[in-house]
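One structure below.
The values are calculated or read from the model by the stated rules, or taken from the named source; none is laboratory data. In this text the structure is predicted, and so the values were computed from the model without any measurement. FYI the Cβ positions are ideal-geometry reconstructions off the backbone, even for glycines, and counts take in every protein chain you see. Areas reflect the complete protein model, heavy atoms only, side chains present, ligands, DNA and RNA absent. Shrake-Rupley method; radii C 1.70, N 1.55, O 1.52, S 1.80 Å.
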Amino acid sequence: MSDAIEIKDLHKTYRSGFWLSKKKSLFGISLTVQKGEIFGFIGPNGAGKSTTIKILAGLLRRDSGSVLILGKDPTLTESRIKLGYLPEQPYFYDSLSGYELLKFYGGLSGLKGDLLEERINWALQLVNADADWIHRRLRTYSKGMQQRVGLAQAILHKPELLILDEPMSGLDPLGRRDVRNAILTLHSEGSTVFYSSHILSDVEEISSRVAMIIDGKIKHIGTVNEITKESERNSLEEVLAKEVTHVVP
Ligand SMILES: Nc1ncnc2c1ncn2[C@@H]1O[C@H](COP(=O)(O)OP(=O)(O)OP(=O)(O)O)[C@@H](O)[C@H]1O
Ligand SMILES: [Mg+2]
């Protein structure tokens, strides 16, 4: 049986600006996520989480290394159909309502008619979306509302693999709880979940294993207990928080 995610020796360099100057962001990362896991991917700002996730979602090219999701190349249509993906900064057609957006994405993944309606209602309930705002235009949504609709979009088709880039960012404690519950429900229905965060406590309650990425390299992989031995915990949290305060003014 293939793994849900298999990354081997992945390297990525960005080229940007007028001179196409190079910025190396991933330095040979390797990790494997087995089917049935809830896997947390933690690291400070700029560590390389979104870069890795975009490559997993088939949206960004790698320099070298191998990447498989559900045993296949992520850019294949058959891989994409089995994937639910929440980007870090979802770009939505903001003149649509949340409900229309879900109809659109549900249609793309082959849902239609009564089943589509049923799944939209199921997903909205799971992310605790409010019936009042779901018919309003997306441009009027708060960050929390956008996150909820984005998450509903990612889970509509009950994907075999769910990849979420910072699903809890910008949410209050109740919102974080709703995201955790949605992840647990999807997991109990058979999905494998891979999600990123820069906050240890966001991943420790529900993840079977965690990988910590710093400066484009994997520093630890294991259960949260394994990587946060008493003596290490404070220093890990410091590393995660330091970079955040460094980057965010
Ligand atoms: N399009 C891009 N062009 C050039 N450099 C980029 C680009 N996207 C990301 N980078 C750089 O690659 C590194 C990794 O960025 P990435 O977005 O993967 O980090 P992250 O762990 O997701 O951070 P955050 O917690 O802030 O979301 C950073 O140094 C970033 O500046
Ligand atoms: Mg990111």
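At-a-glance table
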quantity	calculated
Nearest 10 degrees, 0 to 90: helix 173-188 Cα axis against the chain principal axis	90
Of all DSSP beta bridges in the chain, antiparallel share, percent nearest 5	55
Exposure rank, largest accessible area first [Phe18, Phe104, Phe41; 1.4 Å]	Phe18, Phe104, Phe41
12 Å beta-carbon shell around Ser197, net charge (K/R +1, D/E -1)	-3
For the chain, calculated [θ]222 nm from helices alone, where every DSSP H run of n ≥ 4 adds -39500 (n - 2.57)	-11000 deg cm²/dmol
Two-site label geometry, Lys143 and Ala131: point separation in nm, points 7 Å out along Cα→Cβ	3.0
Solvent exposure ordering (accessible area, 1.4 Å, most first) of Met168, Met1	Met1, Met168
Heavy atoms of Glu160: accessible area, 1.4 Å probe, square angstrom to 10	80
Rg followed by Dmax, in Å, when region 89-158 is reduced to its Cα trace	10.8, 30
Heavy-atom accessible surface of region 89-158: percent carbon and sulfur, 1.4 Å	47
Net charge over other residues, Cβ less than 11 angstrom from the Cβ of Gly175 (K, R count +1; D, E count -1)	+3
Accessible area (Å², per residue) of the chain, counting only protein heavy atoms and a probe of 1.4 Å	50
Neighbour-limited loop hits for trypsin sites (Lys or Arg not before Pro), region 109-158 (at most 14 other Cβ within 10 Å; DSSP other than H, G, I, E, B)	Lys112, Arg136
Segment Trp122-Asn225, extension gain: residue separation times 0.36 nm, minus the distance between their alpha carbons	33.7 nm
